[in-house]
Amino acid sequence: MTIDARTASTEDRALFTPLTIRGTTLPLRAGVSPMCMYAAVDGFASDFHLAHLGRFALGGAGLVIVEATAIEPRGRISHFDLGLWDDAHVEGMTRIASLLDAHGSVPGIQLGHAGRRASVREPWHAGAPLDETDALAGNPPWQTVGPSALPAGPNWPVPTEMSEAEIAESVAQWASAARRAAEAGFRYIELHGAHGYLLHSFLSPISNTRTDGYGGDTAGRIRYPLEVIRAIRKAIGDEIILAYRVSSVDGVLDGGLGIEDIVEFSRHANAAGVDVIDTSSGGITTDRSSDTRVRRGFGFHADFARAIKAETDAVVACVGFIVDPEQASRMIEDQDADIVLLGREMLDNPNWVHHARRALATDEFEHWDQRFGSALGPRLSTLQRLEESGETPLTRFEQYSGA
Ligand SMILES: Cc1cc2nc3c(=O)[nH]c(=O)nc-3n(C[C@H](O)[C@H](O)[C@H](O)COP(=O)(O)O)c2cc1C
């Protein structure tokens, strides 16, 4: 589809059409993907989180998803993850949800449990498992848990296999965290079911070799994720959007889940109460010699999203190197996905959505907060006049400064 940006209105492009799910309307289809910031203390949100996430709401995102937030302390990736395992965490999260809501973004949050991939350093310290050197610095490692006593990769700690009683306790923790997220005002709750973390590790035969009712065949391996989904849907009622991030493929050389398995899982998840399947990939192992990884081109999960969208009744979100407004809008128009999520692109340019409107349509500053828009209009006119007269900001500056 070719649309002339000089005459198009934003309504002409699918990226800017609203989407209503369970009575909550995303004003447009571009959202911010959850991104851990490693800035929390004891799970509590701080002013940093407000400033960081507020930029995206002011930047026009239709949905902002708060980073993976732990349902219990052992489920943190690092010591510095956000948490919702205690009622005391709700107040800080309420500030975030109301800030996002007040500036026009649907407030979203991702709940997570890192399972056997927990207890690691921040990415700028290579994301390696914590050890005694970290303990000396006041950040001790902790015992991780998983479906089976299998480490995530060579030189990773061995997790404890969860008993059936621990599984039941864990399901209740997910439900309590979701109830707190709802209390805080989030309208979109996403479960982190990807990247090798606890939910994913139950699903995949690579990490789940149990012989009881939570392992073995597909029905056994999907049991824990489905129990979590049902418990959460019960805890949050019918009005909140429930999303689930999947690894569309395990991406390992031997065995592992493929897209057909995830399509099947998505159908079950949808029937159990999930509205949105968010498509990512990989992470089941940290062993680079067996991890084939999905090639990371622009929009590299689009084929997976398209398959899930075609074969299930779920709303589908897609993430992964979506950077260009034209690319993003075409993904919606071509039925690859219903929602596009951007991660690093939004970190680089929190105003991405506003700029996308200008790139794809005549909309100049109507959708900006008027405090910015009213100032940026005249600035743009001056820059355009300058350009028409063949000048650059530098030549004009040299005139004034007499250089
Ligand atoms: C700093 C950073 C933190 C991330 N944290 C999370 C997270 O909390 N949960 C999650 O599901 N994915 C996380 N991711 C993955 C992103 O959500 C996203 O899927 C990935 O970066 C690909 O999208 P992009 O190419 O637009 O960045 C993180 C990525 C980055 C760069």
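For helix 302-311, report the angle its Cα long axis makes with the longest principal axis of the Cα atoms of the chain; keep it between 0 and 90° and round to the nearest 10°. The two axes meet at around 70 degrees. Between 0 and 90 degrees, the angle of helix 370-388 with respect to the longest Cα principal axis of the chain falls at about 50 degrees. Note on the chain: with a GNM built from Cα contacts shorter than 10 Å, the maximum mean-square fluctuation among H354, H125, H49 falls on H125. Count Lys and Arg as plus one, Asp and Glu as minus one, and take only other residues whose Cβ is under 10 Å from that of D336; the net charge is then -1.
The residue among G216, H268, A231 whose Cα reaches farthest toward the positive pole of the charge dipole of segment 216-296, with charges on the beta-carbon of Lys, Arg, Asp and Glu, is A231. In order along segment 125-137, phi translates into HN-Hα couplings of 10, 6, x, 7, x, 5, 9, 5, 5, 5, 4, 4, 8 Hz, rounded to whole numbers, per the Karplus curve 6.51 cos²θ - 1.76 cosθ + 1.60 with θ = phi - 60° and x for Gly and Pro.
Expressed as a whole percentage, what fraction of the accessible surface of the chain belongs to carbon and sulfur atoms when a 1.4 Å probe is rolled over the protein heavy atoms? Heavy-atom surface of the chain belonging to carbon and sulfur, 1.4 Å probe: 52 percent.
Other residues within the sphere of radius under 11 Å centred on the Cβ of T24, judged by their own Cβ, net out at -1 (K and R +1, D and E -1).
For the chain, the mean residue ellipticity at 222 nm estimated from helices alone is -11000 deg cm²/dmol, where every DSSP H run of n ≥ 4 contributes -39500 (n - 2.57) and the total is divided by all residues, rounded to the nearest 500. In this label model, R396 and R22 are separated by 5.0 nm, measuring between points 7 Å along each Cα→Cβ vector. Peptides 358-371, 23-36 ranked from most to least packed, by the mean per-residue count of other Cβ atoms within 10 Å: 23-36, 358-371. For the peptides 181-194, 333-346, the ranking by mean Cβ contacts within 10 Å, running from highest to lowest, is 181-194, 333-346. Largest accessible area first, the residues R295, R22 order themselves as R295, R22 under a 1.4 Å probe with ligands, DNA and RNA left out.
With each label modelled as a point 7 angstrom along the Cα→C-beta vector, the D86-E183 pair spans 1.4 nm. Summing charges over all other residues whose Cβ lies under 12 Å from the Cβ of V64, with Lys and Arg as +1 and Asp and Glu as -1, gives -1. Applying 0.36 nm per residue to the separation of L386 and A137 and subtracting their alpha-carbon distance, the gain on full extension is 84.1 nm. For segment 116-154 versus segment 25-86, the inter-centroid distance based on Cα atoms is 21 Å. Distance between the C-alpha centres of segment 253-307 and segment 355-403: 43 Å, rounded to the whole angstrom.
When the dipole is taken about the Cα centre of segment 10-368, and only Lys, Arg (+1) and Asp, Glu (-1) are charged at their Cβ, what size is it in debye, to the nearest 20? Computed about the Cα centre, the dipole is about 80 debye. DSSP beta bridges fully contained in segment 31-175 are about 15 percent antiparallel. DSSP finds beta bridges in segment 10-368, and of those with both partners inside it, around 15 percent are antiparallel. Taking packing as the residue-averaged number of other Cβ atoms within 10 angstrom, the listed peptides 268-281, 65-78 run from highest to lowest as 65-78, 268-281. Relative to the longest principal axis of the Cα atoms of the chain, helix 47-58 runs at roughly 50 degrees. Ellipsoid fit via the Cα gyration tensor, segment 10-368: semi-axes of 31, 23, 20 Å, each the root of five times an eigenvalue, largest first.
Compared with the alpha-carbon gap, the fully stretched path from E364 to Q327 is longer by 11.3 nm at 0.36 nm per residue. Only protein heavy atoms count here; under a 1.4 Å probe, L394 has an accessible surface of about 110 Å². Solvent-accessible area per residue in segment 10-106 equals 34 Å², computed with a 1.4 angstrom probe and all protein chains kept. Accessible surface area normalised per residue over segment 110-260 is 38 Å², counting heavy atoms of protein chains with a 1.4 Å rolling probe.
The values are calculated or read from the model by the stated rules, or taken from the named source; none is laboratory data. The shown structure was predicted, so the numbers you read here are calculated from the model rather than taken from an experiment. Cβ atoms come from the backbone with ideal geometry, glycine included; neighbour counts cover every protein chain shown. These area figures cover heavy atoms from the full protein model, side chains too; ligands, DNA and RNA do not enter into them. Shrake-Rupley method; radii C 1.70, N 1.55, O 1.52, S 1.80 Å.
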